[in-house]
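K.L.:
This is the structure, below, for whatever I ask next.
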Number of protein chains: 2
Amino acid sequence: MEKRTNYCGDVNEQFVGKTVSLDGWVQRRRDLGGLIFVDLRDYRGIVQLVFNNDDSEIFAQAETLRSEYVINAIGTVRLRGDKAINPNMKTGKVEVVVEKLEILNKSKTPPFEIADDIDTTEETKLKYRYLDFRRPVMQKALRTRAQIKHSVNEYLYDNGFIDIETPNLGKSSPEGARDYLVPSRVYPGSFYALPQSPQLFKQLLMVGGFDRYFQLAHCFRDEDLRGDRQPEFTQIDIETSFMSTEEIQEVTEGLIARVMKDEKGIDVKLPFPRLEWDDAMDRYGSDKPDIRFGMELQNLNDIFADSEFKVFKGAIDNGGQVKAIVVKDAADKYSRKNIDAYTEYIKRFGAKGLAWVKYNDDKLTGPVAKFITSHEDDLVKRLGLTNNDLVLFVADQKKVVADALGYLRTDIAKNLHLYDPNEFAYVWVVNWPLFEYDEGIQRWTAAHHPFTMPNEEDVHYLNDGEDPHKAYAQSYDIVLNGYELGGGSIRIHNREIQEKMLKALDFTPERANAEFGYLMDALTYGCPPHGGLAIGLDRFAMLLSGKENIRDVIAFPKNSNATEPMTHAPARVSKEQLDELGIQVEDEK
Amino acid sequence: MEKRTNYCGDVNEQFVGKTVSLDGWVQRRRDLGGLIFVDLRDYRGIVQLVFNNDDSEIFAQAETLRSEYVINAIGTVRLRGDKAINPNMKTGKVEVVVEKLEILNKSKTPPFEIADDIDTTEETKLKYRYLDFRRPVMQKALRTRAQIKHSVNEYLYDNGFIDIETPNLGKSSPEGARDYLVPSRVYPGSFYALPQSPQLFKQLLMVGGFDRYFQLAHCFRDEDLRGDRQPEFTQIDIETSFMSTEEIQEVTEGLIARVMKDEKGIDVKLPFPRLEWDDAMDRYGSDKPDIRFGMELQNLNDIFADSEFKVFKGAIDNGGQVKAIVVKDAADKYSRKNIDAYTEYIKRFGAKGLAWVKYNDDKLTGPVAKFITSHEDDLVKRLGLTNNDLVLFVADQKKVVADALGYLRTDIAKNLHLYDPNEFAYVWVVNWPLFEYDEGIQRWTAAHHPFTMPNEEDVHYLNDGEDPHKAYAQSYDIVLNGYELGGGSIRIHNREIQEKMLKALDFTPERANAEFGYLMDALTYGCPPHGGLAIGLDRFAMLLSGKENIRDVIAFPKNSNATEPMTHAPARVSKEQLDELGIQVEDEK
């Protein structure tokens, strides 16, 4: 095998007259009389090879080349004739006259062409993932992911962070999502759990004096697949001691700025804006607002407090809200049918209806216009309506209003192209509630996790006789273009507060001790004040790649149907293996 | 909380007159009349704080300080008086006169002092790992490990390698060690396996055109604990396309040189020596020779071929060997009792005995001397014996001789301090046999793994009617100071050879297809020639840290007894969880 001297995609006019040795895949072969042209591809690009029949042996070899054959070609670089120049290719001014050819491997005809825009199913691409990888768009996506990892590694190292690996075989956690379990051979009948996050371990590292820790941590959740979720994921996991929220945000901003510079060549403006959680919910109806565009939610309670329109007044009287968004100069783009579809959609958020008016020729029209004529002037003024505006109202409980209008705001903005898809708008959402009510399980849970420090002035809410759910937390999320990129908090470093926190989450002292006694003991041995955050690497890579499915930035994702390749798929195992682990399979289907 | 301006360990005479804000742990407090001295520690070192009773409030606070309290101290740096200078401390010329003190957290009395040389059990240290972490020696070891990772990341990135993560939930492999299994919820009764290595995935990446891949890969083997083995480990995993063995070795040498320079400040000499596997076994009795010292094994078959000494002649007549090592100028250090202990020990390798002679005053003495008098001159000449030499002989089958003398060679060298423990001697062991006979399971197995390419001239041995076990492989191990640091090979990129290889390993075509069909299909779609290697990060960190137990470079190791902390220990899980996975626990002990 001859040694490669250059990548195909790098051969350009600077190499004219020089001999190059290239390895790559045959993109296509064209025969033109006594000449054969071969486009040879590697991940850096494509270069044109030329074989002429001066050398009948090589020419005969070249005639056997088919798509995706792997070859080494040695030849001399020359300029193409003027007419043959391809200005769309980096290598389009040159070609390589081949003097030596070695076929390194043959290929069957691939099930799809190795090109970006191909018409094949997602399933086929995943089945032949190794061919999918060869497409430039896949190379780019996985290289973007790798670049982010590298920039993160360098930035954190340069800032004094130490990379420490925490175990993958740990203890099942009573909080959070469903764990993947791993049966123990040493303790048959017992199970390890794969980590959902290294939270406890990184807090122990802080107790241990590693004051700036990071890890590209593998985490696991046994949940159903979604476009933006895989059961295995990687997080940029950070924890620091002796740092305030502001200092942690500053170091995170530096990290993001470094990634944006290295990968996108963009100088982001620092610091990122901060939004209080209450304000984010109020203005955007979301705790992960996309701030690339306005169309904010407007509270109209004062206008409709005494309204004759029962739907609005009733919502307010029930402790709810009337809020609206204004879709500027787009009333003509939304038919009644469009709006009815939205009305139907937002029922999933609990909304009973969607009221709307259009503003044209200085007056409101639409089905509810007649009910609000007495407020028309106030409304036009408040909302700054101009011709062809569409106003969408939701009147309901606060959370329903936020969810429904928050959804409408982002979906409409996407449809109307109200933002530049190449813009990256970061924002911190800070000061979250400490608890949130989980409707599914009908109880209060930790909004972030049970180790989150309440705001100093709110600690007293955890005392007996007070309402802990009024407390806000020293927590913060970093949001990018409407996605939660990451989040973190200052942690509890005091055993007494930790005990109260667990009590507020309905842990008995016995259960608190059984589950978290190890951490709570550690808090009593000189635990420093500490806090950190985690950023989702997969989502970060997805957003910087302009993708909408997390599978596109994961080399070997889990597939959403039963066609997982054998490298991934779970399989039956032998009875001997199970016996050793002390388990039985229930149902031998 | 005040913002930290400096680390304790960094405060020196350059800061005299300046105000510093320090965070750290109280190492100790000494009260001397109207002064309190506190040694304050962070991971960079210790600095002396001084409190005087000018400010009674701060002084009273200082009086409450105990070991491992966490404080912030703000004060002015001043030079110590001449008599108070401590030349053993980086900060020994200065002290900080504290003007503001905040106790950030208290500490119970720790179960052991936070210092390097402490007299406590390994078990206690692991139980209080978070306190163990605070000891400088542990900080150093984990920072060495992190530095290696960082150097590896930088070097490979700079050399065009792409970091790609492969799945942790994969398919159980029929080869290799025992897998950790993970029950699947989507396919109840089926199991994923945690990866023992990303071997198949990285080969698929090569098929996919990522021609230089690396990963700091987490791997798992459900094996019993040993000093140099943990069930979870991390490997520096590398794979390349279109590169020869020599090119892969060159890039690996560059990687190791970078690590040695960054972490140890050592310029290693490149290239590393290469040893054929046959020669390594012959000269050192080991496939992972420690070449920091000589004492090589000497083959004496020619001398003893016609010996009257039946033990020696018999071994040779049975197709075995008589080999010896010479322990120079140390005969007086080995009593008969010492040697008897060795004789006992090497029985585990199958050796029936250990013959020995001492050379003093120009003659051989010892129990077998009288049987070899007729060969004495030849022996003295061949072995270059001089006064006070000890010669140890083993006569047996080749493998027994190698194992026994290989062990004696390294153990004796360690006892006699025949090498500099701070020397790092790397050597490549190349050209391994393709197969090895596993006495345990009584069959031939792949010496490296079933994807290893035979030497070109040996491929024919895989054909029907030939003896595959004669084949040697395009494989290579990198050895450091007698430890296998890593290893790799050129892989099979041709389906036909892969099929023959699996057949030689007694796979039926059906089983070969069931287990490795996905890979073999991939080989038919333009798979490039490829090869790579894996280096054990944990072992690398252990050796560069001068440690002998892998636990010392892993933050949260598995413990070897039943006292695993609750963060790690496997636990019982609920019946609901098990039901969802379709498994039962057999024995509710």
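K.L.:
Hey, among A:165, A:122, A:154, which residue is out of contact with any Pro (no Cβ under 6 Å at 6 or more places or on another chain), within 30 Å of residue A:214 (Cβ to Cβ) and surrounded by fewer than 22 Cβ atoms within 10 Å (Cβ to Cβ)?
P.N.:
Numbers: A:165 fails: surrounded by fewer than 22 Cβ atoms within 10 Å (Cβ to Cβ); A:122 fails: within 30 Å of residue A:214 (Cβ to Cβ).
One residue alone meets the criteria, A:154.
K.L.:
Find the helices (runs of 4 or more DSSP H) located wholly in region A:319-422 whose residues include 3 or more that are buried (at least 20 other Cβ atoms within 10 Å of the Cβ) and of a type outside the set (D, E, K, R), and list them.
P.N.:
A:398-415
Residue-wise test of (1) free of Cβ contacts under 8 Å to residues at least 60 places away in the same chain; (2) surrounded by fewer than 24 Cβ atoms within 10 Å (Cβ to Cβ); (3) closer than 21 Å to residue A:132 by Cβ; (4) under 34 Å from the mean Cα position of the chain (by Cα).
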site	(1), (2), (3), (4)
B:503	yes, yes, no, yes
B:510	yes, yes, no, no
B:514	yes, yes, no, no
B:535	no, no, no, yes
B:540	no, no, no, yes
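K.L.:
Restrict the check to region B:241-259 and report whether at least one residue is part of a helix (DSSP H, G or I) and more than 22 Å from residue B:425 (Cβ to Cβ). Steps first, answer last, please.
P.N.:
Here is the first cut: in region B:241-259, the residues part of a helix (DSSP H, G or I) are B:245-259.
Now narrow it down to the ones that are more than 22 Å from residue B:425 (Cβ to Cβ): B:247.
There is at least one residue in region B:241-259 that is part of a helix (DSSP H, G or I) and more than 22 Å from residue B:425 (Cβ to Cβ).
K.L.:
May I ask you to list the residues in region B:398-441 that are basic (Lys, Arg) and either free of Cβ contacts under 8 Å to residues at least 60 places away in the same chain or assigned by TED's automatic domain parsing to the domain that holds residue B:265 (or both)? Please lay out each step first, then the result.
P.N.:
As a first pass, look at region B:398-441 and keep what is basic (Lys, Arg): B:398-399, B:409, B:414.
Hits for region B:398-441 are B:399, B:414.
K.L.:
What tally of residues in region B:144-182 results from selecting those that are more than 25 Å from residue A:43 (Cβ to Cβ), at the interface with another protein chain (Cβ under 8 Å from one of its Cβ atoms) and among the polar types (S, T, N, Q)?
P.N.:
Within region B:144-182, residues that are more than 25 Å from residue A:43 (Cβ to Cβ), at the interface with another protein chain (Cβ under 8 Å from one of its Cβ atoms) and among the polar types (S, T, N, Q) number 2.
K.L.:
What is the number of the single condition among (1) over 29 Å from the mean Cα position of the chain (by Cα); (2) assigned to a helix (DSSP H, G or I); (3) more than 13 Å from chain A (Cβ to nearest Cβ) that residue B:552 does not meet?
P.N.:
Failing condition for residue B:552: (1).
K.L.:
Consider residue A:238 against the criteria (1) outside the structural domain of residue A:201 (by TED's automatic domain parsing); (2) within 20 Å of the chain's Cα centre (by Cα); (3) outside any helix (DSSP H, G or I): it satisfies all of them except one. Which criterion is unmet?
P.N.:
Failing condition for residue A:238: (1).
K.L.:
Does residue B:542 qualify as being part of a helix (DSSP H, G or I) and either within 12 Å of chain A (Cβ to nearest Cβ) or modelled with pLDDT under 95 (or both)? First the steps, then the outcome.
P.N.:
Working: part of a helix (DSSP H, G or I): yes; either within 12 Å of chain A (Cβ to nearest Cβ) or modelled with pLDDT under 95 (or both): no.
No, not satisfied.
Residues checked against (1) within 25 Å of the chain's Cα centre (by Cα); (2) more than 19 Å from residue B:23 (Cα to Cα); (3) at pLDDT 95 or above; (4) at the interface with chain A (Cβ under 10 Å from one of its Cβ atoms):
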| position | (1), (2), (3), (4) |
| --- | --- |
| B:84 | no, yes, no, no |
| B:88 | no, yes, no, no |
| B:92 | no, no, yes, no |
| B:97 | no, no, yes, no |
| B:108 | no, no, yes, yes |
| B:111 | no, yes, yes, yes |
| B:117 | yes, yes, no, no |
| B:131 | yes, no, yes, yes |
| B:137 | yes, yes, yes, no |
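K.L.:
Out of the residues in region B:558-576 that are at pLDDT 80 or above and within 7 Å of another protein chain (Cβ to nearest Cβ), which is surrounded by the most Cβ atoms within 10 Å (Cβ to Cβ)? I'd like the intermediate steps shown before the answer.
P.N.:
Restricting attention to region B:558-576, the residues satisfying the condition of being at pLDDT 80 or above are B:558, B:570-576.
Narrowing the set further to residues that are within 7 Å of another protein chain (Cβ to nearest Cβ) leaves B:570-573.
On the way: B:570: 23, B:571: 17, B:572: 14, B:573: 18.
So, considering only residues that are at pLDDT 80 or above and within 7 Å of another protein chain (Cβ to nearest Cβ), the one surrounded by the most Cβ atoms within 10 Å (Cβ to Cβ) is B:570.
K.L.:
In region A:491-520, how many residues are assigned to a helix (DSSP H, G or I) and facing chain B (nearest Cβ under 9 Å)? Before the answer, list the steps.
P.N.:
Here is the first cut: in region A:491-520, the ones assigned to a helix (DSSP H, G or I) are A:495-504, A:509-520.
Subsequent filtering for residues that are facing chain B (nearest Cβ under 9 Å) retains A:514-519.
Final tally of qualifying residues: 6.
K.L.:
Follow-up question, since we're still on this one. For region B:189-204, which positions are more than 7 Å from chain A (Cβ to nearest Cβ) and either part of a strand (DSSP E or B) or more than 18 Å from residue B:219 (Cα to Cα) (or both)?
P.N.:
Once the filter is applied, which keeps residues that are more than 7 Å from chain A (Cβ to nearest Cβ) and either part of a strand (DSSP E or B) or more than 18 Å from residue B:219 (Cα to Cα) (or both), region B:189-204 yields only B:193.
K.L.:
Do you know which residues across region A:448-469 are more than 30 Å from the chain's Cα centre (by Cα) and either surrounded by fewer than 13 Cβ atoms within 10 Å (Cβ to Cβ) or outside any loop (DSSP other than H, G, I, E, B) (or both)?
P.N.:
Here is the first cut: in region A:448-469, the residues more than 30 Å from the chain's Cα centre (by Cα) are A:456-468.
Once the filter is applied, which keeps residues that are more than 30 Å from the chain's Cα centre (by Cα) and either surrounded by fewer than 13 Cβ atoms within 10 Å (Cβ to Cβ) or outside any loop (DSSP other than H, G, I, E, B) (or both), region A:448-469 yields A:456, A:457, A:458, A:459, A:460, A:461, A:462, A:463, A:464, A:465, A:467, A:468.
K.L.:
Surrounded by fewer than 19 Cβ atoms within 10 Å (Cβ to Cβ), without any contact (Cβ under 8 Å) to a residue 40 or more places away in the chain and basic (Lys, Arg), is that true of residue B:269?
P.N.:
Against the criterion (surrounded by fewer than 19 Cβ atoms within 10 Å (Cβ to Cβ), without any contact (Cβ under 8 Å) to a residue 40 or more places away in the chain and basic (Lys, Arg)), residue B:269 qualifies.
K.L.:
Go through (1) under 17 Å from residue B:355 (Cα atoms); (2) of a type in the set (A, V, I, L, M, F, W, C); (3) assigned to a loop (DSSP other than H, G, I, E, B) and name the single condition residue B:312 misses.
P.N.:
So the condition that residue B:312 fails would be (3).
K.L.:
Filter region B:169-192 down to residues that are more than 24 Å from the chain's Cα centre (by Cα) and either among the hydrophobic types (A, V, I, L, M, F, W, C) or more than 25 Å from residue B:446 (Cβ to Cβ) (or both), then give me how many there are.
P.N.:
12
Residue by residue, here is whether (1) facing another protein chain (nearest Cβ under 10 Å); (2) touching a helix residue (DSSP H, G or I) at 6+ places or on another chain (Cβ under 9 Å); (3) modelled with pLDDT under 95; (4) surrounded by fewer than 21 Cβ atoms within 10 Å (Cβ to Cβ) holds:
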{"position": "A:207", "(1), (2), (3), (4)": "yes, yes, no, no"}
{"position": "A:210", "(1), (2), (3), (4)": "yes, yes, no, no"}
{"position": "A:213", "(1), (2), (3), (4)": "yes, yes, no, no"}
{"position": "A:221", "(1), (2), (3), (4)": "no, no, yes, yes"}
{"position": "A:224", "(1), (2), (3), (4)": "yes, no, yes, yes"}
{"position": "A:227", "(1), (2), (3), (4)": "no, yes, yes, yes"}
{"position": "A:237", "(1), (2), (3), (4)": "no, yes, no, no"}
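K.L.:
Pick from A:492, A:497: which is assigned by TED's automatic domain parsing to the domain that holds residue A:449, surrounded by fewer than 18 Cβ atoms within 10 Å (Cβ to Cβ) and modelled with pLDDT of 95 or more?
P.N.:
Numbers: A:492 fails: surrounded by fewer than 18 Cβ atoms within 10 Å (Cβ to Cβ).
Going through A:492, A:497 in turn, the sole match is A:497.
K.L.:
Another question about this same structure. Of all residues in region A:8-56 being buried (at least 19 other Cβ atoms within 10 Å of the Cβ), under 20 Å from residue A:107 (Cβ atoms) and aromatic (Phe, Trp, Tyr), which is farthest from the other protein chains (Cβ to nearest Cβ)?
P.N.:
By that ranking, first place goes to A:51.
The values are calculated or read from the model by the stated rules, or taken from the named source; none is laboratory data. Owing to the predicted nature of the structure, the values given are computational and were not obtained by experimental measurement. Virtual Cβ from ideal backbone geometry, glycine too; neighbours counted across all protein chains shown.
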